[in-house]
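Written out below as structure tokens is the structure these notes cover.
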């Protein structure tokens with residue numbers, strides 16, 4: 001029989017390692033302005049290229065950057081929560097109340113990390129598929 005606590009700990013540890021490796025070895029993506037070629041052709045033809053399409057694209061890129069930094073901040077915040085909870089657990093000295101609090105903080109921190117990662121995936125998918133903009 002499998003011990004459920006050991007199985008859950010191994011699953012959480014494997015998930016954290018996988019997420020860490022994903023961000024370490026994530027390939028770099030160049031941010032290409034899809035309107036750049038159109039602007040070159042428009043300028044060489046004598047047309048004005050600073051129209052509303054370029055402004056809309058700039059707004060989309062700005063929103064994408066804001067969302068990227070917000071999700072990154074939340075990920076760091078939840079990771080710090082897990083580290084703090086681990087510190088509480090290590091310094092509990094057998095105090096059951098402090099251990100219970102640390103376990104609760106770790107659980108909440110991991111749930112927050114998973115939600116933040118999921119939100120990042122959904123937002124990245126939306127911006128890439130719908131708007132053809134890469135943000136991560």
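Every number here is computed from the coordinates shown, using simple stated rules; none is lab data. As the structure is a prediction and not an experimental result, all values here were calculated from the model. Every residue, glycine among them, receives a Cβ derived from its backbone with ideal geometry; neighbour counts consider all protein chains shown.
Stretching the chain fully between residue 57 and residue 17 yields a gain of 10.8 nm (0.36 nm per residue, less the alpha carbon separation). Scaled against the 2.2 N^0.38 Å expected of a compact globular protein of N residues, the Cα radius of gyration of region 64-136 reads 1.45. The gain in end-to-end length when the residue 41 to residue 119 segment is fully stretched comes to 24.3 nm, 0.36 nm per residue minus the alpha carbon separation. The simple Förster model, with R0 at 30 Å and r as the Cβ-Cβ distance, assigns residue 128 and residue 7 a FRET efficiency of 0.30. Here the gap between residue 108 and residue 69, fully extended at 0.36 nm per residue and compared with their Cα-Cα distance, gives a gain of 11.9 nm.
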